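In what follows, a structure is listed as structure tokens, so that the remarks can point back to it.
The values are calculated or read from the model by the stated rules, or taken from the named source; none is laboratory data. From a predicted model like this one, the values you see are computed outputs, not experimental measurements. Cβ atoms come from the backbone with ideal geometry, glycine included; neighbour counts cover every protein chain shown. Ligands, DNA and RNA are excluded from the accessible area calculation, which covers all protein heavy atoms including side chains. Shrake-Rupley method; radii C 1.70, N 1.55, O 1.52, S 1.80 Å.
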Amino acid sequence: MFDFIVRKSANAKADILSGLTVSLALVPEAVAFAFVAGVAPLVGLYAAFMIGLITAIIGGRPGMISGATGALAVVMVDLVAGHGIEYLFATVVLMGTFQVAAGVLRLGKFVRLIPHPVMLGFVNGLAIVIFLAQLGQFKVADTTGKLHWLHGQSLYLMLGLVAITMAIIFLLPKLTLAFPSALAAILVVSGLVHIFNLDTRTVGDLASVSGALPSFHLPMVSPGLDTLTIILPYAVILAAIGLIESLMTLTLIDEITETRGRGNRECIGQGVANIITGFFGGMGGCAMIGQSIININSGGRGRLSGITAALALMCFIVFASSLIEMIPLAALIGVMFTVVIGTFAWSSLRILHKIPFSDALVLVLVSAVTVFTDLAIAVATGVIVSALVFAWQSARRIDSETSLDNDGVKTYHLIGPLFFGSVRSFNEQFTPSKDPDEVVIDFRDSRVCDHSGLEAVNSLTERYLCQGKKLRLKHLSPECRSLLANAGSMIEVNVIEDPRYRVAVDQLA
């Protein structure tokens, strides 16, 4: 879905130019998400600067952009409304602490447990969320503060400028790759608006982005159990959402650039960034898929791109806020619309009828839940549904083949995993009353996976004992032997032929 990306290695010039492009796109997003969270625009801008800079330096995915995000803002709004902004700062510090702990404990590797349909659903859902967020810029407030859609000449002018922006972004790369097309589009459209004195909304119409450097600020909350009780639930939710969005964006960037980021390092980077942000008056954040895609599309591959974006954003705030406030919103909307087109997995629409129904259901479900709730719930829902489908299918795969040797010993060659879902099918394979006095269950192509499987084997052993018959088990893996230790003398293990089951190790993360 990203075939138009051609540059895969880091380049200083490309990183700097792409970083400048991203910095322009960060301004309206940070301001908008600050409004969503119910805080001042500078709180969102400071978060975009500090989180973007710190994760670019110490994070695990060069080229990925982090900052204030809508997925976190929608959770923060209740906390700010109910307890005030100081509790938000304390929550962000605690959130970062949890994220650092996740990285130290090497939990980043668990992103590999997210199925591909969930990943596609996440991408599609987030693309829809980005698109819907831009539609809000087509509304204006009347004298009473009520929002109304643009109409007439204002609407046509906005749509025309958006179309020009998108046309430049798509057509300029066919002529040259020396300059980021998104940055060129912003400059050209801004020039047209001010040369011809076109009456259209600009960044300055959202809010002033002028400010000073962020200063150290201890959250003004009362230390104690009461405060912890308030901020702990929010911190856990925010940490989970931040890590899920960051790690899934990291996986997406890995796919695009054909390189590999480091999930555990990214967890630590996100955590450190949020801790520092909380102490400097920022609202916290995580990886931003929209701005990351802009960066990658513009040629940004190295850490310099993220560093440039963060530093340029702060320069805009401190020194050039008046220039940034002159940028037409239409130009930035056009940039984000191209991000939506590039982010949405259009191929998923073509394969819906070709993949298993359960996978198609998960894909659509995750997309819908992402749009209507939040990312953490969407991913959790997708993983749970996928796991249940897998368990159901695996439960149907257990089977056995029987054979009788010259000594009258009957062998059941078990095929498939023995776990909670397959216990019933496992029990149906055996007929203790009709079997000979000695029976062997061969686990060469099977495995006891959980406590339910263990109980099934123990129960089967008792059924044969009640018939006065002997049951032996062989070809058990070391993990199975440890689970079945309670079977004692009834277990016969062929150590030489035992298979070895390898598991994923932390180094892979």
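Structure above, values below:
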read-out	value
Condition met for THR249 (hydroxyl-bearing (Ser, Thr, Tyr), open to solvent by less than 10 Å² (accessible area, probe 1.4 Å), in contact with a helix residue (DSSP H, G or I) (Cβ under 6 Å, 6 or more places away or on another chain) and closer than 16 Å to PHE89 by Cβ)	no
Given (1) open to solvent by less than 70 Å² (accessible area, probe 1.4 Å); (2) modelled with pLDDT under 90; (3) not small (Gly, Ala, Ser), number of the condition THR227 does not satisfy	(2)
Test set (1) closer than 28 Å to LEU206 by Cβ; (2) aliphatic (A, V, I, L, M); (3) out of contact with any helix residue (DSSP H, G or I) (no Cβ under 6 Å at 6 or more places or on another chain); (4) part of a helix (DSSP H, G or I) - LEU126 fails condition number	(3)
Pick from the stretch 298-332, criterion open to solvent by 10 Å² or more (accessible area, probe 1.4 Å) and touching a strand residue (DSSP E or B) at 6+ places or on another chain (Cβ under 7 Å), ranking: farthest from GLU29 (Cα to Cα)	MET326
Residue list for the stretch 374-412, filter: in contact with a Phe, Trp or Tyr (Cβ under 9 Å, 6 or more places away or on another chain) and not in a helix (DSSP H, G or I)	ILE398, SER400, GLU401, THR402, SER403, TYR412
Filtered residues of the stretch 73-115 (kept if over 18 Å from PRO223 (Cα atoms), of a type in the set (Gly, Ala, Ser) and touching a residue at least 60 places away in the same chain (Cβ under 8 Å))	ALA73, ALA101, ALA102, GLY103, GLY108
Residue check for GLY416: at positive phi, over 49 Å from the mean Cα position of the chain (by Cα) and either of a type outside the set (Val, Ile, Thr) or open to solvent by less than 30 Å² (accessible area, probe 1.4 Å) (or both)	no
Any hit, the stretch 397-407, residues being under 34 Å from the mean Cα position of the chain (by Cα), open to solvent by 70 Å² or more (accessible area, probe 1.4 Å) and over 23 Å from ALA239 (Cα atoms)	yes
Residues (crowded, with 20+ Cβ neighbours inside 10 Å and of a type in the set (A, V, I, L, M)) located in the stretch 101-113	ALA102, VAL111
Subset of the stretch 22-43 (residues that are modelled with pLDDT of 90 or more and more than 25 Å from ARG262 (Cα to Cα))	LEU42, VAL43
Considering residues of the stretch 252-263 that are farther than 16 Å from ARG106 by Cα and in a helix (DSSP H, G or I) only, the residue nearest to the chain's Cα centre (by Cα)	LEU252
VAL335 crowded, with 18+ Cβ neighbours inside 10 Å and among the β-branched types (Val, Ile, Thr)	yes
Contacts under 7 angstrom Cβ, first residue in the stretch 154-181 being over 17 Å from ALA14 (Cβ atoms), partner part of a helix (DSSP H, G or I) and open to solvent by 60 Å² or more (accessible area, probe 1.4 Å), 6 or more apart	ILE168/VAL188
Boolean, PHE122 is among the aromatic types (Phe, Trp, Tyr), at pLDDT below 90, open to solvent by less than 20 Å² (accessible area, probe 1.4 Å) and closer than 30 Å to LEU250 by Cβ	yes
Residue in the stretch 84-94 that is among the aromatic types (Phe, Trp, Tyr), assigned to a helix (DSSP H, G or I), in contact with a strand residue (DSSP E or B) (Cβ under 9 Å, 6 or more places away or on another chain) and open to solvent by 20 Å² or more (accessible area, probe 1.4 Å) present	no
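For every residue, the table says whether it meets (1) modelled with pLDDT of 90 or more; (2) within 34 Å of the chain's Cα centre (by Cα); (3) under 29 Å from GLY19 (Cβ atoms).
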| site | (1), (2), (3) |
| --- | --- |
| ASP142 | no, no, no |
| LEU147 | no, yes, no |
| VAL162 | yes, yes, yes |
| LEU213 | yes, yes, yes |
| VAL221 | yes, yes, no |
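Here is a yes/no grid of residues against (1) in contact (Cβ under 8 Å) with a residue 12 or more places away in the chain; (2) in a helix (DSSP H, G or I):
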{"residue": "ARG265", "(1), (2)": "yes, yes"}
{"residue": "ILE268", "(1), (2)": "yes, yes"}
{"residue": "ARG301", "(1), (2)": "yes, no"}
{"residue": "MET314", "(1), (2)": "yes, yes"}
{"residue": "ILE333", "(1), (2)": "yes, yes"}
{"residue": "ARG350", "(1), (2)": "no, yes"}
